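The values are calculated or read from the model by the stated rules, or taken from the named source; none is laboratory data. None of the values given here were measured: they were computed from a predicted structure. In this analysis, Cβ positions are derived from the backbone assuming ideal geometry, glycine residues included, and neighbour counts consider all displayed protein chains.
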Amino acid sequence: MMMQQYIAPHVQRALEQLGVQLNGEVVFGVPRQEGHGHLSTNVAMMYAKALGKQPRAFAQELIDALGTVPMVAAIELAGPGFINITFDNSVYHAMLRDLDMIGDNIGRSTVGANRTVNVEYVSANPTGPLHAGHGRNCAVGDTIANLFAWNGYAVTREYYFNNAGNQMSKLAESIYARVQHRLGVEDYPFPEDGYHGEYIHEIAEDIAQNHRVSVVDVSDDTAREFCKKQGERWCFASIQRTLSALNIHHDEYFNEDSLYRDGKVTATIADLRERGLVYEQDGATWFALTQLGQQQDKVIVKSTGEPTYRLPDIAYHRDKLQRGFDIVVDIFGADHIATVPDVLAGVRALGFDTNNVKAVIHQMVTFVENGEVVKFSKRSGKSFTLDELIDEVGADVVRFFFVMRAVGTHLEFDLGLAKEEGDKNPVFYLQYAHARICSILRKAAERDVTVDHTADLTVLTHPREIELIGMISRMQSAIERACENLEPHTVAEYLRELAASYHNFYHDCRILGSEPQLEAARLVLADVTRRAMRNGLLLLGVGTPEIM
């Protein structure tokens, strides 16, 4: 039983008595200022104008209509028309009992039952190891997929294997040049905009040592194609190892090549042309986006015959929608912000509903150490890889730091803070709260004291106990909102509040060694908190150490 679920029907009935026709659910918030109740609603302010009444006056009418509500200690008018609601402790005792009874499912929901969602993320080109900046897409995407799973959706985690186009040709040229150098053709030109990383030398050395037959006495095109395939395999194996280190695994790997091989790109451009949305100009093929409300037309096939990103992306999203997902979520970097509206316009023009296609655009990441920006570039070879970042600060810190800020804001990744082992490091702070509870439960077990799930919880009356119970009770709704709004950072913020509430409880309320009834009840509260912390950390992809 959650407070909102309990009080909402009472408020709705009172509103109906006053002649209000509800156009949605009554929304409650948690007052930030102590002494302003446990819940607050502005519902009277929302409906007063339509009734021709002053908000404060209507709020008082609503309070009078509510009358006495069981388990509610006070209903008070505040400010311009807010209604603050204070519950008596019996509500919190009932909530704690319910939370304890659901075991390890604290925070889980079934709002997405019988619905399917495809979350596509990472999707880095297989032209080198993942650089550190890719980490934000990895962590945000996987956490959003986790959010859907925790809310009962059937989730497909997809990687768009982008192995077609100019960047793959540059990879092939780069490897082929290094192979030629090892075969004695030292003056073979290296492509001006080729890839310079050490991994190019590693791939080329393997080819020269173990696959000479595939690059000697064959045509240049054949040799380059072999170099491309070897490079693609090496790079993707590297990417998968990195993702595995972050405990990220995909269900589907959609190969971009298949869009061309299966004729889906050809069919897409033909269907757009049939709708009068494609024309030729200056040797290129254009998409008439202005006919669809966009500001300007865009090239979808260059004069060289090479498609731009928009064309295969339209074909790919058409394919995803044809697979029948209820929701499709794309995780993109800021460099895609101009492409997304064009792609969605193309998909709509082909007759598909894009209302349930959600594009999450995350902003760039800056890495800072000792006050200086750490730079990287895949092509120059001066790369700061995601593997190096994981080695430097640990996978847990990588996962958390990349989701702890709103995706729409620039993220400054402080390497100094990430390596700190103390309360300033938010990951340490959360994990320490979990480990501290585990330590208490171990010490209790050493005294042959176990958590008694039938303990009398009415002895929990301290403000810190009530605050902590209330905080845990909000976990499910916090996770539901984070999923609905595609805002994983709000889970990180919730966990910090939960950990702070637990640390306050631990400081003010002695657990072990207190009066037996009180000790038993506080052990139940501690164990429920442990399960909530564990679930929240797992949702974010962060480990849950029991000893620190």
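Examine the range 284-294 for a residue that is of a type in the set (G, A, S), in contact (Cβ under 8 Å) with a residue 24 or more places away in the chain and at positive phi, and state whether such a residue exists. Even if it seems obvious, please write down each step before you answer.
To start, the set of residues in the range 284-294 that are of a type in the set (G, A, S) comprises 284, 288, 293.
Of the ones still in play, those that are also in contact (Cβ under 8 Å) with a residue 24 or more places away in the chain are 293.
Pick out the ones that are also at positive phi and you get 293.
Scanning the range 284-294 turns up at least one residue that is of a type in the set (G, A, S), in contact (Cβ under 8 Å) with a residue 24 or more places away in the chain and at positive phi.
Within the range 186-202, restricting attention to residues that are out of contact with any Lys or Arg (no Cβ under 8 Å at 6 or more places or on another chain) and without any contact (Cβ under 8 Å) to a residue 40 or more places away in the chain, which residue is nearest to A124 (Cα to Cα)? Talk me through it step by step, then tell me what you get.
We begin by selecting, within the range 186-202, every residue out of contact with any Lys or Arg (no Cβ under 8 Å at 6 or more places or on another chain); these are 186-189, 192, 198-199, 202.
Those still in the list that are without any contact (Cβ under 8 Å) to a residue 40 or more places away in the chain too: 186-189, 192, 202.
Details: E186: 32, D187: 32, Y188: 29, P189: 27, E192: 22, E202: 20 Å.
Within the range 186-202, the match that is nearest to A124 (Cα to Cα) is E202.
Against the condition of a type in the set (S, T, N, Q), under 22 Å from E519 (Cβ atoms), in contact with a helix residue (DSSP H, G or I) (Cβ under 8 Å, 6 or more places away or on another chain) and at pLDDT 95 or above, how does T490 come out, does it pass? Before the answer, list the steps.
On the way: of a type in the set (S, T, N, Q): yes; under 22 Å from E519 (Cβ atoms): no; in contact with a helix residue (DSSP H, G or I) (Cβ under 8 Å, 6 or more places away or on another chain): yes; at pLDDT 95 or above: yes.
Criteria not met by T490.
Looking at the range 203-232, which of its residues are without any contact (Cβ under 8 Å) to a residue 24 or more places away in the chain and under 13 Å from L171 (Cα atoms)?
Once the filter is applied, which keeps residues that are without any contact (Cβ under 8 Å) to a residue 24 or more places away in the chain and under 13 Å from L171 (Cα atoms), the range 203-232 yields F226, K229.
Take the residues in the range 70-103 that are surrounded by 16 or more Cβ atoms within 10 Å (Cβ to Cβ) and assigned to a loop (DSSP other than H, G, I, E, B); name whichever of them is modelled with the lowest pLDDT.
Only one residue fits best here, namely M71.
When the range 327-380 is examined, which residues are found to be among the β-branched types (V, I, T), part of a loop (DSSP other than H, G, I, E, B) and surrounded by 15 or more Cβ atoms within 10 Å (Cβ to Cβ)?
T354 - this is the single residue of the range 327-380 that is among the β-branched types (V, I, T), part of a loop (DSSP other than H, G, I, E, B) and surrounded by 15 or more Cβ atoms within 10 Å (Cβ to Cβ).
Scan the range 416-449 residue by residue and report those that are surrounded by fewer than 19 Cβ atoms within 10 Å (Cβ to Cβ), over 26 Å from L468 (Cα atoms) and in contact (Cβ under 8 Å) with a residue 12 or more places away in the chain.
Across the range 416-449, the qualifying residues are G416, K419.
Taking the range 229-253, which residues are β-branched (V, I, T) and more than 17 Å from the chain's Cα centre (by Cα)? Steps first, please.
Restricting attention to the range 229-253, the residues satisfying the condition of being β-branched (V, I, T) are 239, 242, 248.
If the condition is that a residue be β-branched (V, I, T) and more than 17 Å from the chain's Cα centre (by Cα), then I239, T242 are the ones that fit.
Does R405 satisfy the condition of being within 25 Å of Y432 (Cα to Cα), assigned to a loop (DSSP other than H, G, I, E, B) and in contact with a helix residue (DSSP H, G or I) (Cβ under 6 Å, 6 or more places away or on another chain)?
Details: within 25 Å of Y432 (Cα to Cα): yes; assigned to a loop (DSSP other than H, G, I, E, B): yes; in contact with a helix residue (DSSP H, G or I) (Cβ under 6 Å, 6 or more places away or on another chain): yes.
In short, yes.
Residues that are surrounded by 17 or more Cβ atoms within 10 Å (Cβ to Cβ) and aliphatic (A, V, I, L, M), at least 2 per element: which strands (runs of 3 or more DSSP E) completely within the range 243-308 meet that?
Answer list for the range 243-308: 298-301.
So for the range 499-518 (the condition being within 28 Å of the chain's Cα centre (by Cα) and among the hydrophobic types (A, V, I, L, M, F, W, C)), does at least one residue qualify? It would help to see each step written out before you state the result.
So in the range 499-518, the residues within 28 Å of the chain's Cα centre (by Cα) come out as 499-503.
Cutting the leftovers down to among the hydrophobic types (A, V, I, L, M, F, W, C) gives us 499-500.
Yes, some residue in the range 499-518 is within 28 Å of the chain's Cα centre (by Cα) and among the hydrophobic types (A, V, I, L, M, F, W, C).
On the basis of being closer than 27 Å to G141 by Cα, at pLDDT below 95, among the small types (G, A, S) and surrounded by 21 or more Cβ atoms within 10 Å (Cβ to Cβ), does S477 make the cut?
Details: closer than 27 Å to G141 by Cα: yes; at pLDDT below 95: yes; among the small types (G, A, S): yes; surrounded by 21 or more Cβ atoms within 10 Å (Cβ to Cβ): no.
No.
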